Amino acid sequence: MVRLITHNLLACHVRGCTANNFPLVFRDVQIELKEAEFNEQFLRNFMPKIEWRTLVDTAKSLNDQSLPDQPPERENVNEEFLKTLHHVLLEIHVEEGAMACPNCGHVYPISNGIPNMLLQEHEL
């Protein structure tokens, strides 16, 4: 399933597409909100791996304005912020649509929540 935690790690892998290939851009998506178990320690440990600007911009493109433009300093991270982050990363599911590379334009379709990241032989 495509959640924003997954999307925040995906880049285009078409041969020769090595610059401006992240983040993939959502197109014509259908989203579902699905509850997920809250795990504070997981979120605290995952935060340093997040491409924050990408996450905020992607959430906004999916009509979620809940994240601040800048993450709080580590010592200022509280449970309220972590619950908001949890919602954006783990409860917003992209069920249908596509992701497109901003560089080469390659489209990765999403069907039943599963992105097809396979490339044709000539794209490898």
query: Any chance segment 69-84 includes a residue that's out of contact with any Cys (no Cβ under 7 Å at 6 or more places or on another chain) and at positive phi?
result: no
Here the residues within segment 101-116 that are in contact (Cβ under 8 Å) with a residue 40 or more places away in the chain and either closer than 21 Å to A59 by Cα or part of a helix (DSSP H, G or I) (or both) are C101, P102, N103, V107, Y108, I110, G113, I114, P115
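Just one of E51, E95, E80, E40 is open to solvent by less than 30 Å² (accessible area, probe 1.4 Å) and among the acidic types (D, E); which is it? Spell out how you get there, then give the answer.
Details: E51 fails: open to solvent by less than 30 Å² (accessible area, probe 1.4 Å); E80 fails: open to solvent by less than 30 Å² (accessible area, probe 1.4 Å); E40 fails: open to solvent by less than 30 Å² (accessible area, probe 1.4 Å).
Every option except E95 fails the conditions.
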When N78 is run through (1) closer than 23 Å to R44 by Cβ; (2) touching an Asp or Glu at 6+ places or on another chain (Cβ under 6 Å), the failure sits at (2)
From the option list A98, A36, A19, single residue qualifying as in contact with a Pro (Cβ under 9 Å, 6 or more places away or on another chain) and in contact (Cβ under 8 Å) with a residue 40 or more places away in the chain is A98
A careful count of residues in segment 108-124 that are surrounded by 15 or more Cβ atoms within 10 Å (Cβ to Cβ) and out of contact with any Pro (no Cβ under 8 Å at 6 or more places or on another chain) gives 2
Within segment 1-37, residues being over 18 Å from M99 (Cα atoms) and either among the aliphatic types (A, V, I, L, M) or surrounded by 14 or more Cβ atoms within 10 Å (Cβ to Cβ) (or both) number 2
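The values are calculated or read from the model by the stated rules, or taken from the named source; none is laboratory data. Computed from a prediction, not measured in an experiment: that's the story for all the values here. Here Cβ is always computed from backbone atoms with ideal geometry, including for glycine, and neighbour counts include all displayed protein chains. Note: accessible area is taken over every heavy atom of the protein model, side chains too, but ligands, DNA and RNA are not part of it. Shrake-Rupley method; radii C 1.70, N 1.55, O 1.52, S 1.80 Å.
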